[in-house]
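The structure under discussion appears below in the form of structure tokens.
The values are calculated or read from the model by the stated rules, or taken from the named source; none is laboratory data. Quick caveat: nothing in here was measured; it's all calculated off a predicted structure. Backbone-built Cβ (ideal geometry, glycine too); neighbour counts: all protein chains shown.
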């Protein structure tokens, strides 16, 4: 009867030895298999990559391996394209989009034919600041049309996908500089002809078009809650909040119409630069509470020759390039994970037991084999 416990103990040792061997083989395959996978991505063994140009058993040749690698690339390429397109739409819709400047109402800060990048995430982490150059949807704000409404993730994704390929209606996209925030009292002009915000004069020479006065139109406005007072940098030809005082909102635009902040000029190369907030908007007194005041009116003016700096979405080349740049490592990582999983399944059978090897028999040590009852 003493033989039974010895048999069970020997069987347990044999099982543990086999499991340890399987785990060690899987770990070694995961650690060393990358080079083998590069040599034989479709499952060729390390022996297939022998330096003499033949397999250890005298089988396939390097030309066969190259053919396998070529077939593997064409199998992976559609995945790469799909991932790149999805990432491009996500980047364009929710993160960064390039726009083309067709008019001069923001000169000399932005010139005709400039391309700017617009950050669509910045106002998810901070509020709109005075001095920001914002891109917004003019539909329902100044121009006839349906006012922009908040849409969910899926709707935005569908709109972004359609607009990337020239479908859908992107809206009347405009670009201006924020001068007044909700509650601010914005007026023009003081004794020196300057625009004031909450009674604090702005020093605007750093961004105004040379020779332009801060404003030829007099106004005195308290910005309503949830709205913004915006103006162009080329004041003489800019169609901005000053020219829409008689419309709903008193010339202001809704905050939810803002698409994002223009933060850098990317083209032409000679114009490359960031678009910081001018120093005059950093004055602490600007943040003082706006005193109550009645909204004033401005003299009428012919706006037929004024420019609203309407923007046109740039070509989808940039988001597609970013999408492909991000898709390459993503596709490579998923391929590597898939190969590792396949090697582990090959190394270990169901339940973690060693898989049977075909074509090579090994004789276990008799001392590790469980004795018969």
Exception for residue 272 within (1) surrounded by 13 or more Cβ atoms within 10 Å (Cβ to Cβ); (2) touching a strand residue (DSSP E or B) at 6+ places or on another chain (Cβ under 8 Å); (3) closer than 24 Å to residue 109 by Cβ; (4) at pLDDT 90 or above falls at (1)
In the stretch 184-216, residues that are more than 17 Å from residue 283 (Cα to Cα) and under 35 Å from the mean Cα position of the chain (by Cα) total 2
Subset of the stretch 90-105, residues closer than 12 Å to residue 119 by Cβ and at pLDDT 85 or above, comes to 95, 96, 97, 98, 99
| request: Please indicate, with yes or no, whether at least one residue in the stretch 230-252 is over 27 Å from residue 189 (Cβ atoms) and within 28 Å of the chain's Cα centre (by Cα). | output: no
In the set 87, 121, the lone residue that is in contact with a helix residue (DSSP H, G or I) (Cβ under 6 Å, 6 or more places away or on another chain), surrounded by fewer than 15 Cβ atoms within 10 Å (Cβ to Cβ) and modelled with pLDDT of 80 or more is 121
